[in-house]
Amino acid sequence: MWHTKDVQRGKGNHQYNEIKTLYLNVTKAITDTLMEIGMKEILKEETRLADCLKM
């Protein structure tokens, strides 16, 4: 298991990037599904969360 301090020192970056990529892929799939069924309020929240990760 890696911790925030490890990431700051350059350790764990690979795992962090894999998890971030997985989350963004899942978020995209959720977003696409929500757009199809018209749940705009939930879609706004999912978009906000994804934008936070992109920073």
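Where Lys and Arg each count +1 and Asp and Glu each count -1, what net charge lies around L34 among other residues with Cβ under 10 Å from its Cβ?
-3
Pop a pseudo-label 7 angstrom from the Cα along the beta-carbon direction at both N17 and L49 and give the gap in nm to one decimal.
For the pair N17/L49, the computed spacing is 2.4 nm.
Expressed in nm to one decimal, what extension gain is obtained for the pair A29 and E41 from 0.36 nm per residue of sequence separation less their Cα-Cα distance?
Value of the extension gain: 2.7 nm.
None of the figures in this text is laboratory data; all of them are computed from the coordinates on show. This one's a predicted model, so the numbers in the text were calculated from it and none came from an experiment. Quick reminder, even Gly has a Cβ in these numbers, built from the backbone with ideal geometry, and neighbours come from all protein chains shown.
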